[in-house]
Each structure stands twice: as structure tokens, then as C-alpha cells.
1. What residue, among those in segment 95-119 that are surrounded by 11 or more Cβ atoms within 10 Å (Cβ to Cβ) and of a type in the set (Lys, Arg), is farthest from Arg132 (Cα to Cα)?
2. Please go through (1) assigned to a loop (DSSP other than H, G, I, E, B); (2) surrounded by 11 or more Cβ atoms within 10 Å (Cβ to Cβ); (3) at pLDDT 90 or above for Leu122 and return the number of the only condition it doesn't satisfy.
3. For segment 107-117, indicate whether the set of residues that are farther than 22 Å from Lys148 by Cβ, in contact with a Leu (Cβ under 8 Å, 6 or more places away or on another chain) and either part of a loop (DSSP other than H, G, I, E, B) or not small (Gly, Ala, Ser) (or both) is non-empty.
4. With segment 1-99 as the region, which helices (runs of 4 or more DSSP H) entirely inside it contain at least 1 residues that are under 27 Å from Ser144 (Cα atoms), of a type in the set (Lys, Arg) and modelled with pLDDT of 90 or more?
Amino acid sequence: MWGQLPVWIDLRDFVAWIGRHISLKAPTVRTEDVAGPSAKDEVPDNAQNPDALYYDRDLVIRWAENFSNRLSKNERDVYKLSYGASLNLREMARELNYKGSSGPKYILECINGKLRLFLRDLPWLSPDDFNRDAFSLFMDTVISILKKGPAKP
């Protein structure tokens, strides 16, 4: 509305007007909420470029450590058997002494929900900025951490 009159403009014109008054450059992503505040956690500018095959190996490993620390003991056991040993639900239930496959199935659904929530905004790991190598490194690191022993306090 302009005064009392409705105003219709083309969407491209509106975006161009916004671009003149507001910087449309992608901001540098900080991962303070995931890995804690640190100057090392700042993601480089070329991480936003989908054509670049770059990903920060150390940062992905740190995120995997943080994710593994968020899992409960039952979730850790199911994660190891599902993703590490590739067992099906029936085999996991037998291994973990559940009466049926619904026990590990529910826990696996909880794990997948946590995983989606954890990865949703991370560069190289989110669906919008997916890098297969970074995701493989993340999953392999989580599995190796869980195989080593109990969660850190």
C-alpha cells in the first residue's frame, strides 16, 4: 500500500530494489551453536560456493564429535549396530535384547530426527549444501567414536 492506494510491482523489480539497499552477499556462517564459540569455527567464504569441492575436514570431525556426545547410551548402541554393522531391525532387537523390532525402530527414528536437526544448517552436510565426501567423513567419524567407548561427560 502506498498511502491508501494498492501498488503492484513486478517481483524482479522488488528484489532489485532490495539489492540496492541491502547487501545480498551471503553472510559468513558461524557454528557457535553447534561447536561452541571459537575463531576456528568460522566457515570460509568459499564454503558457500556450490561449485567448489572444498570442505573443512577438521570442522566436520568436530561436528561428528559433538553429535556423538548428544546420543544416549541406547541411541549409541542402535547407531553402532545400524550404521556401523548394517544390521536390520530384527537383528538389532536380538542383539540388544528387545522383545521385538519396534524397540530399535523407535530409537532409530529418534536418532534420525536428531541427525536431521543437527545437520540442517551445517555447510557441506545440510540438504541445501550437500557434499558426499564430507557426509561420509561425518558418519564414519561418528561410528569410530561410538566404537571407542562411552560418551564424554
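1. Among them, the one singled out is Lys105.
2. Only one criterion is unmet by Leu122, namely (3).
3. Checked segment 107-117: no residue is farther than 22 Å from Lys148 by Cβ, in contact with a Leu (Cβ under 8 Å, 6 or more places away or on another chain) and either part of a loop (DSSP other than H, G, I, E, B) or not small (Gly, Ala, Ser) (or both).
4. Counting at least 1 such residues, we get 57-69, 73-79, 89-95.
The values are calculated or read from the model by the stated rules, or taken from the named source; none is laboratory data. These numbers were taken from a predicted model, which means no experiment stands behind them. Here Cβ is always computed from backbone atoms with ideal geometry, including for glycine, and neighbour counts include all displayed protein chains.
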